[in-house]
Amino acid sequence: MTDAAEWVPRDGLVVVVKRGCPTCNTVLPALVELREARRDLVVVTQDDPAFPEGLGAIFDEDLRGSHRLGIEVVPTLVERVAGENRRVAIGWNREEWQELSRVSDLAPDLPAARPGCGALNLEEPHASRLAELDSRPLSARAVGLGDDEDPIEACFTRGWSDGLPVVPPTAQRVRRMLTGTARPPDELVAVVPPDYASATVEKVAINAVMAGCLPEHLPVVLACVEAACTEEFNWHGLAATTYFSGPVVVVNGPIRRQLGMSWGINALGQGNRANLTIGRALQLTLRNVGGARPGEVDRATLGNPGKLSFCFAENEEGSPWEPLAQARGVAAGRSAVTLFAGEGPRGVVDQLSREPESLSRSLAMALRTVAHPKLPLGFDAMLVVTPEHGRVFREAGWTRQKLERRLLELLQIPAREMIRGAGGCAEGVPASMFEDSESSTIPKFRPGGLLLVHAGGGAGLFSAIIGGWINGEGGSQPLTREIQ
Amino acid sequence: MTTLLDPTGELSPVTRQPLPRLEGLTGATIGLLDISKPRGDVFLDRLQSLLESRGAKVERFRKPTFAKNAPPDLRREIAERCDAVIEALAD
């Protein structure tokens, strides 16, 4: 195919306009004068071959020339030198146009400046088609569907879905998704257990398309996939376990706001596209690339609804404490994801405590039930403190560390309550763990085994506990990773 | 025709022939792998006595944690020392 944009000059002046733009119509006198003074001026029209009349305009019908020139606004005046844009004047600005063209007294009757309009090459469907021209080749296997096959049904049939409809991953959609990252499509993001298959940027992008993500969500999904596939997070074990848990994602930093994520009302629930699709894209990538499907390697006895998607942002602005990512070593002002192997959230009600000591006792009582009230140390927990509970700690000046420390103290449980058989219940720890089970205590959580997050709507004296899975080196460790 | 991009790992499974069945237990070395789940040892102790009463030699192995893969060295050791292995999977 010949390059339809062969008129783009190596050297000289180009101006790109369209009839649909009022500023382009306003600046017609300037174009006429410029054409008189600079015979090398190439006038390019995006939408109407008859516009502007009498200037010998070239019709950039397929918009490839505009794309090659990097036009974002019309009118734009470009000075080309040795095949590159040397200087660019965006919209109408007499001074800039005069300086760039070295033509003085340009259209003195026009106003000094006027903003332009969006260029046609940036509008869909043109933008995606043009992006395809300069994108690197994709390498995923192309799966042709039958003429009568419904693409959404085809994704179900091929086992690519989590049980809900997915957006069919066409090459065009995947290329558009890839515009969300500067990383090349063939770059390796992670090797995904249990199949130990390679998740390239392209594979993650395909699954992000299916999950319903926008391109700007992709960097968050990439950070999640990297974090999940580390030895510390142990996706292999988490994918295969009979336990309830799956990856829970907490997002921190400026990207929360840029993506319009939810950390307020219903933050752990439905309704926010970024929250839901980022969490879902992670799960789809892990299951489609890594191969852990329910009933196969995924042996969960019950699972939990969060295994479809479980991702939310922290309410940093109203928090009594520094953000979770900062508490875990990420510099302030940076965006990061924290992954936690968690089950579904459970509510904790305390509508009467106005003092931090009383409220922490409530939270401790509820935290003791994680996994089982008589099972200590094996499971971490994430505690999601809402604004109304957070206020009690803020007003009393309790730091994140102080609340964590107090909860761990309150959860030093007498051994006699925890041993097998105590309370008429067989579950518990063996009495042989203690020299003297009458006087000993045992901590419910290991040091660092509690993660405090601040989120939720402004009304409700509740918090939530997200119980963990097997913790530590033999299980899964919470993992924080900066978003690139 | 609509064309979609494959979201999977695109691995082609390697087909392996299963090893031939053991002729019998007499003189065979049977590995018993405890994955560190509670009471796996109770099950394997019983298996060991049953196997030994039938003339098998038993070697015991243990994974450091049931939540992760067996370390490669452990897998290699079992493969080198045993004719067959029985893994105690659940609680």
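The values are calculated or read from the model by the stated rules, or taken from the named source; none is laboratory data. This structure is a prediction, so every number in the text was calculated from the model and none was measured. Here the Cβ is made from the backbone with ideal geometry for all residues, glycine too, and neighbour counts use every protein chain on show.
Residue-by-condition table, conditions (1) under 41 Å from the mean Cα position of the chain (by Cα); (2) assigned to a loop (DSSP other than H, G, I, E, B); (3) among the charged types (D, E, K, R):
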position	(1), (2), (3)
A:35	no, no, yes
A:48	yes, yes, yes
A:52	no, yes, no
A:61	yes, yes, yes
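The single residue among B:6, B:73, B:91 that is among the acidic types (Asp, Glu), farther than 30 Å from residue A:212 by Cα and at pLDDT 90 or above turns out to be B:73. For the subset of segment A:1-47 comprising residues that are among the small types (Gly, Ala, Ser) and more than 23 Å from residue A:99 (Cα to Cα), which member is surrounded by the most Cβ atoms within 10 Å (Cβ to Cβ)? Across segment A:1-47, the extreme among qualifying residues is A:5.
Examine segment A:108-120 for a residue that is closer than 14 Å to residue A:14 by Cβ, surrounded by 14 or more Cβ atoms within 10 Å (Cβ to Cβ) and either small (Gly, Ala, Ser) or touching a residue at least 24 places away in the same chain (Cβ under 8 Å) (or both), and state whether such a residue exists. Looking through segment A:108-120, at least one residue is closer than 14 Å to residue A:14 by Cβ, surrounded by 14 or more Cβ atoms within 10 Å (Cβ to Cβ) and either small (Gly, Ala, Ser) or touching a residue at least 24 places away in the same chain (Cβ under 8 Å) (or both). From the list A:339, A:408, the lone residue that is touching a residue at least 12 places away in the same chain (Cβ under 8 Å) and either in contact with a helix residue (DSSP H, G or I) (Cβ under 6 Å, 6 or more places away or on another chain) or crowded, with 22+ Cβ neighbours inside 10 Å (or both) is A:339.
Restricted to segment A:261-292, and to residues there that are under 16 Å from residue A:237 (Cα atoms) and either of a type in the set (Gly, Ala, Ser) or away from chain B (no Cβ under 14 Å) (or both), the residue that is surrounded by the most Cβ atoms within 10 Å (Cβ to Cβ) is A:290.
If you go through segment A:311-325 and pick out every residue that is of a type outside the set (A, V, I, L, M, F, W, C) and more than 30 Å from residue A:284 (Cα to Cα), you end up with 5. Taking (1) crowded, with 18+ Cβ neighbours inside 10 Å; (2) part of a loop (DSSP other than H, G, I, E, B) in turn, residue A:329 satisfies each apart from (1). Any residue in segment A:293-313 that is in contact (Cβ under 8 Å) with a residue 12 or more places away in the chain, more than 14 Å from chain B (Cβ to nearest Cβ), part of a loop (DSSP other than H, G, I, E, B) and surrounded by 20 or more Cβ atoms within 10 Å (Cβ to Cβ)? Within segment A:293-313, one or more residues are in contact (Cβ under 8 Å) with a residue 12 or more places away in the chain, more than 14 Å from chain B (Cβ to nearest Cβ), part of a loop (DSSP other than H, G, I, E, B) and surrounded by 20 or more Cβ atoms within 10 Å (Cβ to Cβ). Pairs are defined by a Cβ separation below 7 Å, a sequence spacing of at least 6 or placement on different chains, a first member in segment A:213-240 that is on the phi > 0 side of the Ramachandran plot, and a second member that is surrounded by fewer than 22 Cβ atoms within 10 Å (Cβ to Cβ); the pairs so defined are A:234/B:68. Restricted to segment B:1-76, the set of strands (runs of 3 or more DSSP E) holding at least 2 residues that are within 12 Å of chain A (Cβ to nearest Cβ) comprises B:3-5. Among all positions in segment A:359-366, there is no residue which is modelled with pLDDT of 95 or more and either acidic (Asp, Glu) or in contact with a Gly (Cβ under 6 Å, 6 or more places away or on another chain) (or both). Once segment A:448-476 is narrowed to residues that are out of contact with any helix residue (DSSP H, G or I) (no Cβ under 7 Å at 6 or more places or on another chain) and at pLDDT below 95, the residue that is farthest from residue A:302 (Cα to Cα) is A:448. Tell me whether segment A:447-458 contains one or more residues that are within 14 Å of chain B (Cβ to nearest Cβ), in contact with a strand residue (DSSP E or B) (Cβ under 8 Å, 6 or more places away or on another chain) and surrounded by 19 or more Cβ atoms within 10 Å (Cβ to Cβ). No, segment A:447-458 contains no residue that is within 14 Å of chain B (Cβ to nearest Cβ), in contact with a strand residue (DSSP E or B) (Cβ under 8 Å, 6 or more places away or on another chain) and surrounded by 19 or more Cβ atoms within 10 Å (Cβ to Cβ). Of the residues making up segment A:462-477, one or more are in a loop (DSSP other than H, G, I, E, B), within 14 Å of chain B (Cβ to nearest Cβ), surrounded by 16 or more Cβ atoms within 10 Å (Cβ to Cβ) and touching a Pro at 6+ places or on another chain (Cβ under 7 Å). The residue of segment A:48-64 that is surrounded by the most Cβ atoms within 10 Å (Cβ to Cβ), among those that are of a type in the set (Gly, Ala, Ser) and more than 30 Å from residue A:128 (Cβ to Cβ), is A:54.
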